[in-house]
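Nothing in this text is a laboratory measurement; each read-out follows from the coordinates by a stated rule. It should be emphasised that the depicted structure is a prediction, and the values quoted were computed from it without experimental measurement. Cβ coordinates were reconstructed from backbone atoms using ideal geometry, including for glycine residues, and neighbour counts include every protein chain displayed.
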Amino acid sequence: MKRVSSGDEFFMRRTFELARLGAGFVSPNPMAGCVIVKDGAIVAEGYHKKFGGAHAEISAIKQAKSRQLTADSMYINLEPCVHTDKKTPPCVPEIIRAGVTRVVVGMKDPNPAVAGRGIRALRRAGIRVDVGVLEKESRELNETYAKWIVTGRPFVLLKVAVTLDGALTLKKGTRSGFSSPESYAYVHELRQLYDAIALGSESILIDNPLLTARRKGQRSRNPVRVIFDRRGRVQKSAKVFHEPGETLVFSSSLAAALRELGRRGVMSVLVEGGAKLAQSFLRGRLVDKLMVTVTPQVAHDLNAPRFPFGYIRFSKSRWEIRGADAWFIGYLGMEKKSRAERDKSWRGVH
Ligand SMILES: NC(=O)c1ccc[n+]([C@@H]2O[C@H](COP(=O)([O-])OP(=O)(O)OC[C@H]3O[C@@H](n4cnc5c(N)ncnc54)[C@H](OP(=O)(O)O)[C@@H]3O)[C@@H](O)[C@H]2O)c1
């Protein structure tokens, strides 16, 4: 039987904080954090810092050893690895050697090469293992990894900012830019978290954005920039081609582009718009998660591109407030309708 205390949740939340420090640097590995607890206090911590580098558990064990402390309980947001077909040696034998008596795990590793084997190996060694402490939060933390490792296709987050009347710009043909500073800062956190950012050609032509991750006072790395441009209208002089990092231009279907990105190890794509590209992603049922930033402004231009609402069903959703904006966050479970019904429901959408 699983015995979970509020202490377990406290230590598990700390593993999440540690894991997030690796955001953007560990892909296509999952984010992982680990704390070692003795007599109710944290004595060592570790996290997966970069792809190919030491795993969270190994860093924490090393820290505990350097302080000549024996481990008691270990908390990890994800099941420890046991497979050998990867860059680093498996963690399970190290955990057993470290003399840990109890391991608390946030979630099972969905990687078919692990999928419970790490937990079983620990139990066989006589270690008590409790699985599923803050499981929902653990799953959300590594939702992009879970999709990619199971399907080979990237997790897609569609993120757009809209006015109260659903417009993406205040006036047709102009650059958008009406979100609060807090929302902008969060967009850069998302860009750090996601492996790729995607934009439609029209947005590149109008906005000429940098599409880089810029976080105040924190290490950042640029995601792969992806432009959808079937008619080859985006010129090499566009800013996206002159920023550090890779820029890819696709003229294929969105599904084919996602397959290719998944094959290249891109496990998550942040689609930032505009309206036409958003519509195609939604229509192709290619969106896993939607974020709509609602700002307290009105467009005053009926021809401004509008968010393609319609034909969306959310499996779960919530609101978050950032500065003056409300962020709607939902997971998509699209309705199963006939093609004719679907086409009808899209008519009239910009
Ligand atoms: N508020 C926000 O969050 C936000 C975010 C981004 C942009 N914007 C604003 O949105 C405006 C532009 O939006 P938009 O709707 O006019 O254009 P868009 O979605 O940015 O780009 C549309 C273009 O993308 C290309 N494309 C390639 N593959 C596509 C596919 N499968 N489906 C659809 N398009 C595909 C098409 O050109 P080809 O046929 O040549 O391929 C199409 O014309 C700008 O004013 C920008 O400032 C707002």
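Would you please list the contacts, defined by Cβ atoms under 7 Å and residues six or more apart or on different chains, that run from a residue in segment 157-172 that is more than 24 Å from GLY333 (Cβ to Cβ) to a residue that is part of a strand (DSSP E or B) and more than 10 Å from the ligand (Cβ to nearest atom)? Going by the 7 Å Cβ cut-off, the qualifying pairs are LEU164/VAL294.
Listed here are the residues, each with its yes/no results for (1) of a type outside the set (Phe, Trp, Tyr); (2) farther than 27 Å from PHE51 by Cβ; (3) under 17 Å from the mean Cα position of the chain (by Cα).
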position	(1), (2), (3)
LEU190	yes, no, yes
TYR194	no, no, yes
GLU202	yes, yes, no
LYS216	yes, no, no
ARG225	yes, no, yes
GLU243	yes, no, no
VAL249	yes, no, no
GLY262	yes, no, yes
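Taken over segment 175-208, the criterion of being away from the ligand (no atom under 13 Å from the Cβ) and in a strand (DSSP E or B) is satisfied by ALA196 alone.
Okay, residues lined up against (1) crowded, with 24+ Cβ neighbours inside 10 Å; (2) within 22 Å of ASP195 (Cβ to Cβ):
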residue: ALA23; (1), (2): no, yes
residue: ILE42; (1), (2): no, no
residue: ARG67; (1), (2): no, no
residue: MET74; (1), (2): yes, no
residue: GLY99; (1), (2): no, no
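Annotation for segment 15-29: at least one member residue is under 15 Å from MET107 (Cα atoms) and out of contact with any Phe, Trp or Tyr (no Cβ under 8 Å at 6 or more places or on another chain). Restricting attention to segment 195-222, the residues that are of a type outside the set (A, V, I, L, M) and over 22 Å from ALA23 (Cα atoms) add up to 7. Within the option set GLU79, GLU140, being under 26 Å from ASP288 (Cα atoms) and free of Cβ contacts under 8 Å to residues at least 12 places away in the same chain holds for one residue only, GLU140. Looking only at residues in segment 147-167 that are of a type in the set (A, V, I, L, M, F, W, C) and over 24 Å from the mean Cα position of the chain (by Cα), the one that is farthest from the ligand (Cβ to nearest atom) is LEU164. When LEU170 is tested against the conditions (1) of a type outside the set (Ser, Thr, Tyr); (2) assigned to a helix (DSSP H, G or I); (3) more than 9 Å from the ligand (Cβ to nearest atom), the lone failure is (2).
For (1) surrounded by 13 or more Cβ atoms within 10 Å (Cβ to Cβ); (2) within 14 Å of the ligand (Cβ to nearest atom); (3) without any contact (Cβ under 8 Å) to a residue 12 or more places away in the chain; (4) hydroxyl-bearing (Ser, Thr, Tyr), each residue gets a yes or a no:
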site: PHE228; (1), (2), (3), (4): yes, yes, no, no
site: GLN235; (1), (2), (3), (4): no, yes, yes, no
site: HIS242; (1), (2), (3), (4): no, no, yes, no
site: THR247; (1), (2), (3), (4): yes, no, no, yes
site: SER252; (1), (2), (3), (4): no, yes, yes, yes
site: LEU258; (1), (2), (3), (4): yes, yes, no, no
site: ARG263; (1), (2), (3), (4): no, no, no, no
site: MET267; (1), (2), (3), (4): yes, no, no, no
site: ALA275; (1), (2), (3), (4): yes, yes, no, no
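Among the residues making up segment 116-153, those that are surrounded by 16 or more Cβ atoms within 10 Å (Cβ to Cβ) and among the small types (Gly, Ala, Ser) are GLY118, ALA121, SER138, ALA146.
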